[in-house]
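Here's the structure, in structure tokens; my notes come after.
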Amino acid sequence: MGVRNLWTLNVDELLVADQLKAHFKKSDYDVFYPLNSQMKNIDLVFMNVKTAEAKTIQVKGSRTYTPRKSEVVRFGDGSAAWFKIWSDSIFEPTNKVDYFIFVLHSFEDGELKKKIVLNYLVIPIEEFQTICKNKKVRSDGNSYDFFIWIDPKENRSFDFRASNTIPLSQYLNNWSLISI
């Protein structure tokens with residue numbers, strides 16, 4: 001019988017749980033981690049323990065890249081993050097997902113790489129599905145690649161590898177989008 005380590009939590013999931021606790025300070029709210037490895041697509045459950053209302057969250061951590069000089073000239077301060085997401089996770093998840101939260105590890109000052117900052121894109125599933133359906137092209141037929149530019153100084157974010165840039169600033173660190 002195979003044994004799986006259930007006691008090591010994903011760092012990005014811990015970062016999101018910490019942010020949820022910081023932004024929803026009332027003791028009415030808590031974050032739960034599914035221990036069932038068959039619970040696909042759900043990384044966290046955020047719950048109002050008094051009303052028993054819960055929201056499910058899928059967390060995606062970024063790969064972060066030092067920006068090219070041409071990108072810094074084009075976009076200014078910040079840096080790039082990359083995500084690959086399978087189409088099924090977005091449109092046909094095994095379990096109901098209410099939010100995608102992307103953890104953006106980025107350089108505040110672009111090519112100087114002096115300070116790494118964390119930012120988050122908080123996107124309700126319906127809005128994420130609309131973005132993918134209307135503005136993205138599948139990269140290999142079954143997945144989407146997101147190349148996200150994050151400028152923490154100007155509080156802006158966008159997908160810059162789409163045919164037209166896709167604005168995402170309205171989701172940047174916007175925890176108020178989570179309604180519970």
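Under 10 Å, Cα contacts only: if you run a Gaussian network model on the chain, which one of Phe24, Phe100, Phe147 comes out with the highest mean-square fluctuation? Largest GNM mean-square fluctuation: Phe24.
Sorting Asp77, Asp145 by the number of Cβ atoms found within 10 Å of their own Cβ, with the fewest placed first, yields Asp145, Asp77. Exposure proxy ranking for Met39, Met47, based on other Cβ atoms within 10 angstrom of each Cβ and starting from the fewest, stands as Met39, Met47.
How would the chain be classified by its alpha-carbon gyration tensor: rounded, prolate or oblate, with rounded meaning a/c under 1.5 and the a/b versus b/c comparison settling the rest? Prolate shape, in that a/c is at least 1.5 and a/b is the bigger ratio.
As a calculated quantity, the FRET efficiency between Asn155 and Asn95 at R0 = 45 Å, using C-beta atoms, amounts to about 0.90. Counting neighbouring Cβ atoms within 10 Å and putting the fewest first, the residues His105, His23 line up as His23, His105. So which of Lys84/Lys136; Lys40/Lys135; Lys69/Lys135 end up more than 18 Å apart by C-alpha? Long pairs (Cα-Cα over 18 Å): Lys40/Lys135; Lys69/Lys135. Between 0 and 90 degrees, the angle of helix 125-135 with respect to the longest Cα principal axis of the chain falls at about 30 degrees. Counting only alpha carbon atoms, the long axis of helix 11-23 and the longest principal axis of the chain meet at about 80°.
Throughout, read-outs are computed from the coordinates displayed, never taken from laboratory work. Here the structure is a predicted model, which means the values were calculated and not measured. FYI the Cβ positions are ideal-geometry reconstructions off the backbone, even for glycines, and counts take in every protein chain you see.
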